[in-house]
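Visitor: Can you keep this structure in mind? I'll have questions shortly.
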Amino acid sequence: MIHDFDYVMGMVRDLRATSSTKDKEFIILDYCGHNSAAASFTKNILLYTYHPLWQYNVTSDNLKKKNHLVARKNEYKNFFDLLDALKSRKITGHDAIAAVNS
């Protein structure tokens, strides 16, 4: 998974290097346009970040204020499982903050 985050950060770095909308579209298509695990991961990152109807209801201010809250056990297999639990409101309040902080 670390390699996949490095792949996404490479895309972000390339996107920041240009101000052209067309170039940015080409970069996104280039990074997401093939059938590798990293490309699939990148598509999911973009989906979970920019989907207009999905909210996770945890803010950076809450995480900073409640940084002492940490889940005792990490029950999520991956990052997307945690986001799905937040999105569906399976975890809320202090439990949500603790899960994100862990």
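Per-residue answers, yes or no, for (1) assigned to a loop (DSSP other than H, G, I, E, B); (2) among the charged types (D, E, K, R); (3) touching a residue at least 12 places away in the same chain (Cβ under 8 Å):
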| residue | (1), (2), (3) |
| --- | --- |
| Lys22 | no, yes, no |
| Leu46 | no, no, yes |
| Trp54 | yes, no, yes |
| Asn62 | no, no, yes |
| Asn67 | yes, no, yes |
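Visitor: Which residues, taken from region 76-102, are closer than 22 Å to Phe5 by Cβ and without any contact (Cβ under 8 Å) to a residue 24 or more places away in the chain?
Guide: Correct list: Tyr76, Lys77, Asp81, Leu82, Asp84, Ala85.
Visitor: Could you pull out the residue among Asp61, Asp14 that is under 19 Å from the mean Cα position of the chain (by Cα) and closer than 24 Å to Asn101 by Cα?
Guide: After applying the criteria, what remains is Asp61.
Visitor: Kindly establish whether Thr49 is of a type in the set (Val, Ile, Thr) and more than 13 Å from the chain's Cα centre (by Cα).
Guide: no
All of the numbers you see were taken from the coordinates with simple rules; none came from a lab. Predicted model, so just to flag it, every value in this text is computed and none were measured. We place every Cβ from the backbone using ideal geometry, glycine too, and count neighbours over all the protein chains shown.
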